[in-house]
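Chemist: One structure, pasted below without further comment.
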Amino acid sequence: MILSCLHSANVAAAVEEQKEQEVQTETVLYTPSDSEWQSLTRDKHFSYAHEREGALEKKPANHFLNGFIESLISFFTSAAGKAIIWLLIAAVALFIIVRVVIPEFRTSKRKKQQDNSLAGDTGNPESPEDLESGLWEEKMARAVSEALYADATRFAYLAILKLLSQKGQITFRSEATDFDYYRELTEGTLKESFRNLLLRYQYAWFGRFPVAEAEWHQTYVLYQSLKTAIR
């Protein structure tokens, strides 16, 4: 009995001694202050810490751009989106027709008119003698008979210039412009009618706008009223 008690006491003492040794050898954790941590991390031996932090950072996904593209695709594949696409195509086609096809057609038609001018008569008189000797009314009548209304408009204008020169209301000279003759006129009604005929001539001949038969009739009425006013 005594031996058993002694043995138990010895075991208890041994266990207590072992616990004391473990406490003595236990590692003590130390947390540095902010200033100490900054000082340590500035050391070159700790540069890997920054590399590690950068490696762990993830770039945020561009969710806005992806969502925007998906919304566009979804819209243009819908019925409303398809309708808008067709409207845009129609608008582009109309623009091409108005800006390219029609002007090209007008240019081609005007060139054809000039190629078909009476005996190649496309030049303006260079001197008062050329103006005076020109049979402009006869050429105008012939152009009308051949439906060359741009030529007829030009001959009507030259016939009026000839008449104004004969009446001394303008002085014909090769270096003068058409609007120089307009500025020489003094009588208000005559001046305005001459300007209207001048513009019709320039649009038809230099602007290459096609002249329809109905437009020529309006020009001829203006031509007749000018002849009456000059005389």
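Chemist: Report the label-to-label distance for T177 and S78 in nanometres (one decimal), using points 7 Å from each Cα along the Cα→Cβ vector.
Modeler: 5.7 nm
Chemist: List the trypsin sites (Lys or Arg not before Pro) within the stretch 149-181 that fall in a DSSP loop (any state other than H, G, I, E or B) and whose Cβ has at most 15 other Cβ atoms within 10 Å.
Modeler: Working: sites: R154, K162, K167, R173; in loops: K167, R173.
Filter output for the stretch 149-181: K167, R173.
Chemist: How much length, in nm to one decimal, is gained on full extension between H63 and H217, taken as 0.36 nm per residue of separation minus their Cα-Cα distance? Display every interim value, and only then the final one.
Modeler: Numbers: separation 154, 0.36 × 154 = 55.44 nm, distance 6.92 nm.
This chain segment gains 48.5 nm when fully extended.
Chemist: Which cross-chain or sequence-distant (5 or more) residues have an amide H under 5 Å from the amide H of V211, H modelled 1.01 Å from N in plane?
Modeler: Amide H neighbours of V211, under 5 Å, 5+ apart: A150.
Chemist: Identify the chymotrypsin sites (Phe, Trp or Tyr not before Pro) of the stretch 129-231 meeting these criteria: DSSP loop state and at most 16 other C-beta atoms within 10 Å of the C-beta. Walk me through the numbers on the way to the answer.
Modeler: Details: sites: W136, Y149, F155, Y157, F172, F179, Y181, Y182, F194, Y201, Y203, W205, F206, W216, Y220, Y223; in loops: F172, F206.
For chymotrypsin sites (Phe, Trp or Tyr not before Pro) across the stretch 129-231 that sit outside H, G, I, E and B with at most 16 neighbouring Cβ atoms in 10 Å, the list reads F206.
Chemist: Based on Cα positions only, what radius of gyration and what Dmax would you give for the stretch 116-230, in angstroms?
Modeler: That works out to 13.2, 37 Å for Rg and Dmax.
Chemist: Determine, from the Cβ-Cβ distance of E187 and A147 and an R0 of 30 Å, the FRET efficiency 1/(1 + (r/R0)^6), rounded to the nearest 0.05.
Modeler: Values: r = 34 Å, r/R0 = 1.14.
The value I calculate is 0.30.
Rule-based calculations on the coordinates, nothing more; no lab input. As the structure is a prediction and not an experimental result, all values here were calculated from the model. Because the Cβ atoms are built from the backbone with ideal geometry, glycine has one as well, and the counts that use them run over all protein chains shown.
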